[in-house]
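The values are calculated or read from the model by the stated rules, or taken from the named source; none is laboratory data. From a predicted model like this one, the values you see are computed outputs, not experimental measurements. Virtual Cβ from ideal backbone geometry, glycine too; neighbours counted across all protein chains shown. Surface accessibility is based on the protein's heavy atoms, side chains included, excluding ligands, DNA and RNA. Shrake-Rupley method; radii C 1.70, N 1.55, O 1.52, S 1.80 Å.
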Amino acid sequence: MRFRLRRARSAASTVEAAIILPVVFFLMFGLVIGAMGVFRYQEVATLARLGARYGSTHGHQYRKDAGEPIGTSADWTSDIYNNAIAPNVVSLDPSLMSYQVSWPDVINQPGKPDNWPGSQLTVTVSYQWFPELYLVGPFNLTSTSSMPITN
């Protein structure tokens with residue numbers, strides 16, 4: 001029996017590694033950064049939902065029962081931000097975040113927001129996300145949540 005001696009293929013392994021390793025590392029970084037984007041979107045959606053929940057339970061009747069002044073829509077909006085959105089921000093930069101709160105108008109009184117029970121409250125939170133590698137972006141992550149005012 002004759003055995004053939006095999007030559008070492010060290011150069012072929014180096015070329016294969018030079019081609020495959022950058023692709024693998026790029027895919028891994030892309031996966032991690034994509035997961036961070038999904039996490040930030042989930043946080044934006046949670047903030048919108050928390051703002052809508054707080055606003056739906058702290059409407060006109062709640063303010064009246066608690067002895068607080070009824071206020072205006074600007075007061076209600078800042079109250080929702082200060083008590084529901086701002087304390088729950090985990091990883092977002094507040095300077096890149098914006099929010100909007102809206103109520104329908106009172107019937108036959110255009111321009112006057114309806115903060116009474118049964119009315120629909122809508123909270124929209126937006127965040128301008130720059131991916132961590134700064135290769136693309138920015139992306140605008142936006143979530144809207146609506147709930148009826150219960151109190």
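Observations on the model:
- Condition check for GLY67: out of contact with any Cys (no Cβ under 8 Å at 6 or more places or on another chain) and in a loop (DSSP other than H, G, I, E, B): yes
- Of residues in the stretch 35-64 being assigned to a helix (DSSP H, G or I) and modelled with pLDDT under 90, the one most open to solvent (accessible area, probe 1.4 Å): LYS64
- Check on LEU141, open to solvent by less than 50 Å² (accessible area, probe 1.4 Å), modelled with pLDDT of 90 or more and not in a helix (DSSP H, G or I): yes
- From ASN88, ASN82, residue being more than 30 Å from LEU31 (Cα to Cα) and polar (S, T, N, Q): ASN82
- The residues in the stretch 70-85 that are part of a helix (DSSP H, G or I) and open to solvent by 40 Å² or more (accessible area, probe 1.4 Å) can be counted, and the count is 7.
- Flag for TYR99 being in contact (Cβ under 8 Å) with a residue 24 or more places away in the chain and open to solvent by 40 Å² or more (accessible area, probe 1.4 Å): yes
- Members of the stretch 102-138 found to be open to solvent by 60 Å² or more (accessible area, probe 1.4 Å) and in a strand (DSSP E or B), listed by number: ASP105, GLN109, PRO110, GLY111, LYS112, GLN120, GLN128
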